[in-house]
Amino acid sequence: MTGATSPRVVALLALVSVVPLASLAVVPQGTATLPCRSGSVRFGVIGDFGDGSKGEYAVATRFAETHARCAFDTVITVGDNIYGSERPQDFEVKFERPFKALLDKGVKFYASLGNHDDPNQRFYKPFNMDEKRYYTLERKNVEFFALDSNYMDKKQLEWLEAQLKASTADWKFPYFHHPLYSSGGAHGSSMDLRKVLEPVFLRYGVQVVFAGHDHFYERTKPQKGIYHFVAGSTGKLRPGDVTKSGLTAASFDTARAVMVVEVDDDALFFQAISEAGKVVDSGCIPRAADLPASTSRVRCPAPSPAPATPPSRGGK
C-alpha cells in the first residue's frame, strides 16, 4: 500500500466535521526506565517480525530482557507476522522459538494482519485472534481495537464505529498494519485509509495509534491531536528509509526495535528499544491537555525547565 490510493479499501465513509483533540505534548524522559508501577497496564508492540532472521531473534532477546526488568502480560502485533510459507514449522521458527521466553512466562500475543499474512492466521491459537479479522481487547482503563487494514470494507468500518462509540475506556488504541502517517520512503502514509479512519478516530477520542508496514521505528508529531507510532522493524529492517519531513518527532532506522508501553491513569509512558538493548526513544504522553488537576491520578511529570541563559556582557 502506498501513499496514494489502494484497491484494498473498498468502502469510504463520508467525511464529516470533527473537532480535533487538544494538542498534546510528549514529556521527554531521556533513557529512563518505565515507572513499572503496581496496577498499571503494560504491553509490548511488535511488527513486521516473522522472518526467522538472526535480527528477529536478537531483538526478541532484548524484548525478553525488558520483560524481566518490568513484566508485561500483553503484546500487540501490527502485522506481517509470518513472512513466506506458513507451515507449522514456519510458525515455530518465525514466532514460537524467538519469543519462547515470553510465551513460557504466559505473555499473550494479540495479532493483527499485514499484507504478507494469510488471513487464516486468525485460527492460529497463539495469536489470540478468536478466529476474527478484527476484534477488541480490554485491559483495565485501556481498550485495544485490532483492525484488518488489508480490506477495510463497510462492515468493518461500521463495526469499528460501533465499538468506539460504546467504549468507556480512558485510553483507546487502534492497531493495524498500514500507517495513516509515516515518513517511509518505500511506503509512507496510507492516504486512502486515513480518509476513512481518521474521522472516526477523532469523533471518539482516540489518542494513540500503532501501525507497521514501513520497516523502521517512528513517532510522529501529533496529527490533529493523535500520536501515531510506526513499529515495523522487529524482524525486517529498511536502513535509511525515514525521509526528512516535518512529520517526525523521533525515528530510528539503523537497527531493529520493539516498543514497550505503560499506561498508568492519565499518563502513557513508552520506550523504543533497539536490538542492541539501547533505548532509542522514550517519553510520556498525557491522556488529554485539558483534564482537571487531580492529586489522586498519575499524570505525566512536568518537563524540566531549560537552563537559564547567562546574561551577555557587552564590551567596554
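Points to keep in mind about this one:
- Residues in the range 66-90 that are of a type in the set (A, V, I, L, M, F, W, C) and crowded, with 16+ Cβ neighbours inside 10 Å were compared, and the one that is farthest from residue 173 (Cα to Cα) is 82.
- Candidate set: the range 228-272, residues that are of a type in the set (S, T, N, Q) and touching a Ser or Thr at 6+ places or on another chain (Cβ under 6 Å); chosen: the one farthest from residue 81 (Cα to Cα): 245
- Looking only at the range 110-125, residues that are touching a strand residue (DSSP E or B) at 6+ places or on another chain (Cβ under 6 Å) and without any contact (Cβ under 8 Å) to a residue 40 or more places away in the chain come to 2 in all.
- Single match in 131, 161, 138 (criterion: surrounded by fewer than 20 Cβ atoms within 10 Å (Cβ to Cβ), farther than 17 Å from residue 285 by Cβ, under 18 Å from the mean Cα position of the chain (by Cα) and at pLDDT 95 or above): 138
- Scope the range 30-71; condition under 16 Å from residue 284 (Cα atoms) and either of a type in the set (Phe, Trp, Tyr) or in a helix (DSSP H, G or I) (or both); matching residues: 43
- Where strands (runs of 3 or more DSSP E) sit wholly within the range 179-251, those with at least 2 residues that are under 20 Å from residue 151 (Cβ atoms) occupy 208-211.
- Just one of the listed residues (178, 187) is out of contact with any helix residue (DSSP H, G or I) (no Cβ under 7 Å at 6 or more places or on another chain) and within 30 Å of residue 84 (Cβ to Cβ), and it is 187.
- Any chance residue 126 is in contact with a Leu (Cβ under 8 Å, 6 or more places away or on another chain), at pLDDT 95 or above and surrounded by fewer than 22 Cβ atoms within 10 Å (Cβ to Cβ): yes
The values are calculated or read from the model by the stated rules, or taken from the named source; none is laboratory data. Predicted model, so just to flag it, every value in this text is computed and none were measured. All Cβ positions, even for glycine, are placed from backbone atoms using ideal geometry, and neighbour counts span all protein chains on display.
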